[in-house]
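Trainee: Dropping a structure here in structure tokens format, bear with me for questions.
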Amino acid sequence: MYSKMVILRFPQTTVQKPIVCYLAKDYDLIFNILNATVLPRKEGFLVMELSGSRKNFNLGIQYLKDQGVQVQSPDQEVKRVKDKCTHCGACTAVCPTSALSVERPEMTVKFDQNICSVCELCVPACPTRAMEVRPTNKVFFE
Ligand code: SF4
Ligand code: SF4
């Protein structure tokens, strides 16, 4: 299951349409809305976690774009400081998306940032403080 936090900005013309409902209906995606606001100029602003297959996630993002919705990643991302990581594996027990996983037979811990949902659970779980939250402002689709 792919899971990622996304920030959606709806233009004034689409704010009344049930666009997000179609993510579940047509793309089999699960969404968990964390914040929803209508801005003074009637644009909509939504922060949510979107989960499903990677293919459907990408199709759903493309659908949003086709509707005129701007899709951004959160303003934070989680990075691993490689020099600090001892590959102890503690973070893999708390990671809900398997972005952190043990590679066998080497028994090293791999970090796939592409499937990280920025839940931050690994940050306090890491004894060497190798997992860090940093600011970002990446746009998925312009
Ligand atoms: S808990 Fe920290 S040190 Fe241990 S494997 Fe994860 S990132 Fe590396
Ligand atoms: S923030 Fe850490 S625990 Fe959460 S999904 Fe990303 S790697 Fe996994």
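None of the figures in this text is laboratory data; all of them are computed from the coordinates on show. What you see is a predicted model, and the numbers here were worked out from it, not measured in a lab. Note: ideal-geometry Cβ built from the backbone for every residue, glycine included; neighbour counts use all protein chains shown.
Trainee: Counting helices only, and only those DSSP H runs with n ≥ 4, report the 222 nm mean residue ellipticity of the chain as the sum of -39,500 (n - 2.57) divided by its residues, in deg cm²/dmol to the nearest 500.
Mentor: -5000 deg cm²/dmol
Trainee: Which pairs, out of K42/K82; K4/K84; K25/K82, put more than 32 Å between their alpha-carbon atoms?
Mentor: Listed pairs above 32 Å: K42/K82; K25/K82.
Trainee: Further, regarding this structure: Note down the nm distance, to one decimal, between modelled labels 7 Å out along Cα→Cβ at T108 and at K79.
Mentor: 2.0 nm
Trainee: While we're looking at this one, here's another question. What does the charge count near V78 come to, summing +1 for each Lys or Arg and -1 for each Asp or Glu among other residues with Cβ under 9 Å from its Cβ?
Mentor: Computed value for this residue: 0.
Trainee: On a C-alpha basis, how far is the centre of the stretch 8-44 from the centre of the stretch 50-126 in Å? Whole number, if you could?
Mentor: The distance from the Cα centre of the stretch 8-44 to that of the stretch 50-126 comes to 23 Å.
Trainee: Expressed as an acute angle from 0 to 90° and rounded to the nearest 10, what is the orientation of the C-alpha long axis of helix 54-66 relative to the principal long axis of the chain?
Mentor: On a 0 to 90 degree scale, this one is about 30.
Trainee: With a sphere of radius 15 Å drawn around the Cβ of Y2, what net charge do the other residues whose Cβ falls strictly inside it have (Lys, Arg +1; Asp, Glu -1)?
Mentor: 0
Trainee: Here is a further query. In nm, to one decimal, how far is the modelled label at A24 from the one at V133, with both set 7 Å along Cα→Cβ?
Mentor: Distance between label points: 2.7 nm.
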